[in-house]
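The structure appears right after this line, and notes come after that.
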Amino acid sequence: MPENTAKHTSIRMLIMLAVSASVGLLTHLLKLNNQQVIASAIFVMIVMATLLFWNFRLAIAFIGIGVLMGTNTLDLPTFIVECKIDVILFLVGMMVTVGVLRDLGLFTWIIQSVIKTPKMTGRLFVIMLIFLSAIMSCIVDEVTSIVFMATLVFQVCDALKISPMPFLIISVMATNVGSSGTMLGNPVGIVIGQNITPPLSFVDFVVWSFPIMIITLTVTMFILLWWYRKEIEHLSERLSERREMGMGLGPLINVPYKTGLAILVGMISFIGLHHWLEIKLGLAPNTVLIVAPLVIAGVLMVFRQERARHYIEADVEWWTLLFFMMLFAVAGSLQHTRVTEEIANHFQNAFGSRPALLMPIIIALSAAGSALVDNVVYVAAFVPVVDKLGQTPLVWALLQGVCLGGNITMIGSTANIVALGMAEKRYRTSIKFFDWLKVGLVVGITSCLVAWGCLMMTSKYMPTKQQRLQTAQSHLKPAAVHDSNTIR
């Protein structure tokens with residue numbers, strides 16, 4: 001290891017340990033018990049690891065779990081429960097299904113459909129790019145969406161010989177906004193949906209979050225159209241020149257997309273109807289939601305058995321999923337030791353139980369947290385706090401904050417990191433942190449304010465936690481009503 005690299009690593013390690021120790025000391029001074037102190041310090045260490053040691057975050061998470069168990073802060077049964085295997089299996093099923101859709105050419109067909117649009121202009125291209133990025137993010141997930149939207153941007157910009165970076169940023173920001181629209185758009189959606197009492201359904205997201213997403217996306221579109229107006233005008237000029245020469249935006253191929261499209265529609269239909277199916281079959285909330293992607297993935301692997309092993313080994317991001325499991329367990333230790341309950345009590349003492357006052361605070365904290373660390377890290381710790389506060393609008397405030405806050409910095413979401421990595425690999429170029437921050441702050445703050453306004457207007461129509469509990473219990477079989485695991 002070079003001397004400078006070793007020095008920088010040592011400095012980062014000292015910072016991580018110093019911050020973790022400081023949090024431990026602070027919680028001790030606040031009269032928390034030893035297990036609460038250890039749980040808080042280990043969680044902050046994981047947060048710092050995602051900031052300072054991205055490539056080693058899983059290793060540090062493993063070590064953190066060992067410390068928690070070795071100090072009896074987290075026992076084995078609690079660890080198994082808090083790993084959230086239901087969330088992990090849902091993501092495995094989605095990743096396999098998306099891998100099959102990629103093989104079937106569905107995403108290539110979408111790209112081709114955009115490229116061959118007649119009378120394309122720079123403004124029309126950007127509007128299509130924004131809405132397609134957002135909708136794809138809603139349907140598959142933000143990472144899959146940005147991989148294919150980045151491919152579209154690269155193909156168009158290479159053909160026109162213009163810089164792809166402005167249009168890549170536009171696509172990424174639309175992807176992050178779009179990821180708040182459904183439970184599928186971002187891993188935080190399924191984490192929030194599964195860990196609120198009672199669990200939220202796919203329809204809940206469509207009813208309460210999707211309309212807000214459309215409004216914030218529209219506002220974001222106007223900001224980006226104005227911010228990059230010069231680059232968009234240049235794109236229009238190059239498109240006009242290319243049309244005059246009788247040339248298109250790239251080679252077009254015929255893609256047999258219908259099978260992939262049918263699979264996607266079928267999967268979304270199952271997920272969309274999961275609440276109705278669970279009621280009809282007398283199943284616990286979100287059972288069909290979790291199982292549907294697994295069943296569909298299993299059927300697809302049977303019909304494509306020659307590629308089945310590839311889908312499991314290559315298309316499933318095991319590194320990320322293992323990190324999520326460790327992260328959920330560490331965050332679970334905060335709930336197990338009642339740290340989250342202490343935080344929720346402090347919130348209630350400071351601000352009362354008024355959603356109108358708590359909503360902007362939670363949106364601001366969530367956006368700031370998402371801008372600095374992986375949003376799953378933040379959500380894993382904060383969901384129990386929001387659940388304890390017991391106010392339905394705060395759940396949606398948390399979702400909006402973590403998704404929209406991802407636009408503020410270039411490390412604010414996984415989609416940002418993936419897109420910039422693709423650009424760096426292809427063009428050997430990168431964007432400066434503050435160049436992103438200038439537009440990111442405008443988009444992030446404005447969209448958060450718009451989301452807050454929307455939540456203020458709709459919050460009075462949202463069912464209370466007690467109403468949702470009553471509805472959930474009324475849909476369960478009598479024998480299941482008394483089983484606490486069916487609600488949690």
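The values are calculated or read from the model by the stated rules, or taken from the named source; none is laboratory data. No experiment lies behind these values; they were computed from the predicted model shown. When we count neighbours, we look across all protein chains shown, and the Cβ atoms used for this are built from the backbone with ideal geometry, even at glycine.
So that you can scan it fast, the table gives a plain yes or no per residue for (1) of a type in the set (D, E, K, R); (2) at pLDDT below 95; (3) out of contact with any Cys (no Cβ under 8 Å at 6 or more places or on another chain); (4) assigned by TED's automatic domain parsing to the domain that holds VAL126:
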| position | (1), (2), (3), (4) |
| --- | --- |
| ASP204 | yes, yes, yes, yes |
| PHE210 | no, no, no, yes |
| LEU217 | no, no, yes, yes |
| PHE222 | no, no, yes, yes |
| HIS234 | no, yes, yes, yes |
| ARG238 | yes, yes, yes, yes |
| ARG242 | yes, yes, yes, yes |
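Among the residues in the stretch 8-15, are any closer than 18 Å to GLY332 by Cβ and not assigned by TED's automatic domain parsing to the domain that holds LEU294?
Residues of the stretch 8-15 closer than 18 Å to GLY332 by Cβ: none.
Within the stretch 8-15, none of the residues are closer than 18 Å to GLY332 by Cβ and not assigned by TED's automatic domain parsing to the domain that holds LEU294.
Against the conditions (1) crowded, with 22+ Cβ neighbours inside 10 Å; (2) under 20 Å from LEU289 (Cα atoms); (3) within 15 Å of the chain's Cα centre (by Cα), where does THR175 fall short? Just the number, please.
All conditions are met except number (2).
One residue is enough: does the stretch 34-56 have a residue meeting the conditions more than 25 Å from SER10 (Cβ to Cβ), part of a helix (DSSP H, G or I) and not polar (S, T, N, Q)? Give the steps one after another, and end with the answer.
Pass one, the stretch 34-56, residues more than 25 Å from SER10 (Cβ to Cβ): 34-37, 39.
Add one more test, that the residue is part of a helix (DSSP H, G or I), and what stays is 34-37, 39.
Checking the rest, the ones that are also not polar (S, T, N, Q) come to 37, 39.
Within the stretch 34-56, one or more residues are more than 25 Å from SER10 (Cβ to Cβ), part of a helix (DSSP H, G or I) and not polar (S, T, N, Q).
Which of the following residues is farther than 27 Å from VAL299 by Cβ, in a helix (DSSP H, G or I) and touching a His at 6+ places or on another chain (Cβ under 9 Å): THR78, THR73, THR151? Outline the logic, then answer.
Values: THR73 fails: in a helix (DSSP H, G or I); THR151 fails: touching a His at 6+ places or on another chain (Cβ under 9 Å).
Step by step, each of THR78, THR73, THR151 is checked, and only THR78 is farther than 27 Å from VAL299 by Cβ, in a helix (DSSP H, G or I) and touching a His at 6+ places or on another chain (Cβ under 9 Å).
As an exercise: evaluate PHE323 against (1) surrounded by fewer than 19 Cβ atoms within 10 Å (Cβ to Cβ); (2) within 15 Å of the chain's Cα centre (by Cα) and give the number of the one condition it does not meet.
In the conditions (1) surrounded by fewer than 19 Cβ atoms within 10 Å (Cβ to Cβ); (2) within 15 Å of the chain's Cα centre (by Cα), PHE323 misses (1) alone.
Name the residue that is nearest to the chain's Cα centre (by Cα), counting only residues in the stretch 414-457 that are hydroxyl-bearing (Ser, Thr, Tyr) and crowded, with 16+ Cβ neighbours inside 10 Å.
Of the residues in the stretch 414-457, the ones hydroxyl-bearing (Ser, Thr, Tyr) are 414, 427, 429-430, 446-447.
Restricting the remaining residues to those that are crowded, with 16+ Cβ neighbours inside 10 Å gives 414, 446-447.
Working: THR414: 8, THR446: 19, SER447: 16 Å.
My answer is THR414.
Pick out the one residue from VAL153, VAL114, VAL143, VAL177 that is at pLDDT below 85, closer than 23 Å to LYS432 by Cα, in the same structural domain as TRP436 (by TED's automatic domain parsing) and not polar (S, T, N, Q). Explain how you work it out, then say what you get.
On the way: VAL153 fails: at pLDDT below 85; VAL114 fails: closer than 23 Å to LYS432 by Cα; VAL177 fails: at pLDDT below 85.
Exactly one residue qualifies, and that residue is VAL143.
One line per residue, one yes/no per condition, for (1) more than 30 Å from SER269 (Cβ to Cβ); (2) within 21 Å of the chain's Cα centre (by Cα):
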| residue | (1), (2) |
| --- | --- |
| LEU17 | yes, no |
| ALA39 | yes, no |
| PHE43 | yes, yes |
| THR50 | yes, yes |
| ARG57 | yes, yes |
| PHE62 | yes, no |
| VAL92 | no, yes |
| LYS116 | no, no |
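Looking only at the stretch 438-477, how many residues end up being aromatic (Phe, Trp, Tyr) and either on the phi > 0 side of the Ramachandran plot or at pLDDT 95 or above (or both)? Walk me through it before giving the result.
Filtering the stretch 438-477 for residues aromatic (Phe, Trp, Tyr) gives 452, 461.
The next check asks that each one be either on the phi > 0 side of the Ramachandran plot or at pLDDT 95 or above (or both); those that pass are 452.
So the answer is 1.
Which of the residues belonging to the stretch 322-343 are β-branched (Val, Ile, Thr), modelled with pLDDT of 85 or more and out of contact with any Gly (no Cβ under 9 Å at 6 or more places or on another chain)? Step through it out loud before you land on a result.
Going residue by residue through the stretch 322-343, those that are β-branched (Val, Ile, Thr) are 330, 337, 339-340, 343.
From what's left, modelled with pLDDT of 85 or more: 330, 337, 339.
Selection gives THR337, VAL339.
State which residue pairs qualify: first residue of a type in the set (Lys, Arg) and inside the stretch 226-240, second residue outside any helix (DSSP H, G or I) and surrounded by 13 or more Cβ atoms within 10 Å (Cβ to Cβ) in any location, beta carbons under 9 Å apart, and separation of 6 or more residues or different chains.
Short answer, once both residue conditions are applied: ARG238/ILE162.
Could you list all residues from the stretch 421-444 that are free of Cβ contacts under 8 Å to residues at least 60 places away in the same chain and either closer than 21 Å to ILE130 by Cβ or touching a strand residue (DSSP E or B) at 6+ places or on another chain (Cβ under 9 Å) (or both)?
Step one: filter the stretch 421-444 for residues free of Cβ contacts under 8 Å to residues at least 60 places away in the same chain, giving 421, 424-425, 428, 430, 432-435, 437-438, 441.
Matches in the stretch 421-444: ASP435, LEU437, LYS438, LEU441.
Name the residues in the stretch 210-226 that are surrounded by 15 or more Cβ atoms within 10 Å (Cβ to Cβ) and more than 19 Å from LEU132 (Cβ to Cβ), would you?
Matches in the stretch 210-226: ILE212 only.
Is there any pair with a first residue in the stretch 23-50 that is assigned by TED's automatic domain parsing to the domain that holds ALA381 and a second that is part of a helix (DSSP H, G or I) whose Cβ atoms are under 8 Å apart and which are 6 or more apart or on different chains, and what are they?
Here the result reads none, with nothing in the stretch 23-50 linked to a residue that is part of a helix (DSSP H, G or I).
Residues being in a helix (DSSP H, G or I) and either surrounded by 21 or more Cβ atoms within 10 Å (Cβ to Cβ) or modelled with pLDDT of 85 or more (or both): count how many of those fall in the stretch 92-110.
Selection size over the stretch 92-110: 13.
For the stretch 273-317, give me each residue that is closer than 18 Å to PRO199 by Cα, aliphatic (A, V, I, L, M) and surrounded by fewer than 13 Cβ atoms within 10 Å (Cβ to Cβ).
LEU281
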